[in-house]
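Right, one structure below, let's go through it.
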Amino acid sequence: LDDPAIFAKAIAHAHAERSRLAAERRRAKALKAQRRDGRHLTEEEAAVVRGRKAAKATLAQIKAISSALPPPPSAAPPPPFALAEQYIGLVEEHPPPGGAAALLSHAVFHLRRLCRTPPSQSDPWDCRQDCDDALAC
């Protein structure tokens with residue numbers, strides 16, 4: 001849970017669902033105005049108009065929840081040192097229980113994880129194929 005990108009899919013889904021419901025609500029509102037003007041609606045259009053209140057209620061719930069969520073993340077993850085600086089700031093605000101020894105061990109563990117280079121899309125063992133001795137690699 002030390003990586004904010006873990007919840008990226010859920011955040012992006014909440015924003016997409018909010019956009020979809022807002023569009024559905026606009027369409028229902030336009031169809032309702034057309035019905036008021038005397039146009040006969042198809043069964044599908046009538047169902048959209050009937051579902052307007054439910055869409056409005058769901059949209060209000062999503063807006064309440066997503067007001068606490070950060071905006072959807074960009075395609076590129078932040079650089080590792082930016083995450084490390086963010087982690088240090090959070091540890092200073094909320095130190096782990098156990099005193100200075102625990103703070104140091106937790107910080108070293110998480111900072112190493114945040115600053116290491118991520119594995120590439122290629123096979124991670126490519127560089128090790130020419131090694132004769134595991135300790136030499």
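The values are calculated or read from the model by the stated rules, or taken from the named source; none is laboratory data. Note that the structure is a prediction, hence the values are computed from the model and not measured. Note that we place each Cβ from the backbone using ideal geometry, even for glycine, and neighbour counts take in every protein chain shown.
General remarks:
- Top-ranked residue of segment 70-97 - restricted to ones that are at pLDDT 80 or above and part of a loop (DSSP other than H, G, I, E, B), ranked as farthest from Ala10 (Cα to Cα): Pro97
- Top-ranked residue in segment 3-54 [being part of a loop (DSSP other than H, G, I, E, B) and more than 33 Å from the chain's Cα centre (by Cα); ranked as surrounded by the most Cβ atoms within 10 Å (Cβ to Cβ)]: Leu41
- The set of residues from segment 87-96 being closer than 17 Å to Arg113 by Cα and without any contact (Cβ under 8 Å) to a residue 24 or more places away in the chain comprises Ile88, Gly89, Leu90, Val91.
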